1. Any residue that is buried (at least 17 other Cβ atoms within 10 Å of the Cβ), closer than 23 Å to Asp101 by Cβ and within 10 Å of the chain's Cα centre (by Cα) - is there at least one of those in the stretch 157-172?
2. Given the conditions (1) of a type in the set (D, E, K, R); (2) closer than 17 Å to Leu175 by Cβ; (3) touching a Lys or Arg at 6+ places or on another chain (Cβ under 8 Å), and given that Lys133 satisfies all but one, which numbered condition is not satisfied?
3. If we scan the stretch 50-63, do we find a residue that is among the hydroxyl-bearing types (Ser, Thr, Tyr), farther than 19 Å from Ala183 by Cβ and more than 15 Å from the chain's Cα centre (by Cα)?
4. Hey, does the stretch 101-115 have a residue that's assigned to a strand (DSSP E or B) and out of contact with any strand residue (DSSP E or B) (no Cβ under 6 Å at 6 or more places or on another chain)?
5. In the list Ala18, Ala23, Ala39, Ala48, which residue meets the criterion of being of a type in the set (Gly, Ala, Ser) and free of Cβ contacts under 8 Å to residues at least 12 places away in the same chain?
6. Could you list, ordered by first residue, the pairs with Cβ atoms under 9 Å in which the first is in the stretch 59-79 and modelled with pLDDT under 95 and the second is surrounded by 15 or more Cβ atoms within 10 Å (Cβ to Cβ) and acidic (Asp, Glu), at least 6 apart or interchain?
7. Could you list, in sequence order, the residues of the stretch 153-202 that are charged (D, E, K, R) and either assigned to a loop (DSSP other than H, G, I, E, B) or at positive phi (or both)?
8. For the stretch 15-40, what are the residues that are out of contact with any Gly (no Cβ under 8 Å at 6 or more places or on another chain) and aliphatic (A, V, I, L, M)?
Amino acid sequence: MTVQPQTSQVADSEAIVANATRAFLTPNAARPDGPTITAALLNLERCAKQEHLSLPAASLLGTWRLCFSAGKKAKLRSGQPMGSGFYVPKLAIAQIAFAADDTDENQLKVANKLSIGPLTIRFTGPARYLGKKNLLAFDFTHLQVSCFGLTVYQGKVQNKKRADQPFEATAIAQLPFFAFFSATDDYIAARGRGGGLAIWVKA
C-alpha cells in the first residue's frame with residue numbers, strides 16, 4: 001500500500017473543497033458529494049494539527065456564507081475519514097461576519113445572520129481569537145429579528161454560564177467557539193465546539 005505524501009493530501013483536499021465552494025455558487029454545477037467533501041475536511045484538519053498551522057486573524061475577517069456542514073460523527077477512525085455532510089439549501093442564507101476591533105487585534109466582533117424569505121434573524125457580540133490554536137471564541141449578546149426589512153424585535157441575549165462576568169475574562173470552556181483549520185480568499189473551514197464541521201464561502 002502506497003502512502004500518499006502529506007503535501008499531496010493537502011493539495012488534493014484543498015482542490016476538493018475549492019471545487020465544492022465554486023459549485024455551491026454556480027447554478028447547476030456538478031458538486032463533489034458529501035462523503036468526499038467530509039473526507040477532504042478531515043484531511044485538512046489533521047494536517048493543520050500535525051503541521052501546527054497558524055492562521056492570522058486577518059484571514060477570517062469579512063462576511064462568509066455557510067456552504068456545507070457535517071455533524072460530529074465526521075471523524076478519523078484508524079486514520080480513515082468517516083461520516084458525511086450536506087450542502088446548505090439555497091432557501092436558507094446563513095452568514096457569519098467577523099470584523100476587527102480597533103482596540104486589540106485579537107479582539108473581534110461577530111455577527112451571525114439567518115435569512116429565510118422575508119424573515120431575518122441576526123445575533124451579534126464580541127469575539128476573541130487565539131492565534132496559536134486557531135481558536136475563535138465568541139458570545140452573542142444582542143438579537144435582532146426583522147421581517148420585510150422592518151425590525152420586529154431587538155434585545156439582549158444572556159449567557160447564563162458567563163453571568164455578569166466580562167467577556168474578556170470568561171474561560172473558553174464557558175463560550176462557544178470555532179477551531180479553524182483552513183482559510184483562503186474564497187472560503188474558511190472550522191470545527192465547532194459541538195463537534196460539527198463547516199465550510200463558509202466569501203459572501
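1. No.
2. It is condition (3) that Lys133 fails.
3. no
4. Looking through the stretch 101-115, at least one residue is assigned to a strand (DSSP E or B) and out of contact with any strand residue (DSSP E or B) (no Cβ under 6 Å at 6 or more places or on another chain).
5. Residue meeting the stated conditions: Ala23.
6. Taking only residues 6 or more apart or on different chains, the pairs are Leu76/Glu45.
7. Lys160, Lys161, Arg162, Asp164, Asp185, Asp186, Arg193
8. Ala15, Ile16, Val17, Ala18, Ala20, Ala23, Leu25, Ala29, Ala30, Ala39, Ala40
The values are calculated or read from the model by the stated rules, or taken from the named source; none is laboratory data. All figures in this text were calculated on a predicted structure; none of them were measured in a lab. We place every Cβ from the backbone using ideal geometry, glycine too, and count neighbours over all the protein chains shown.
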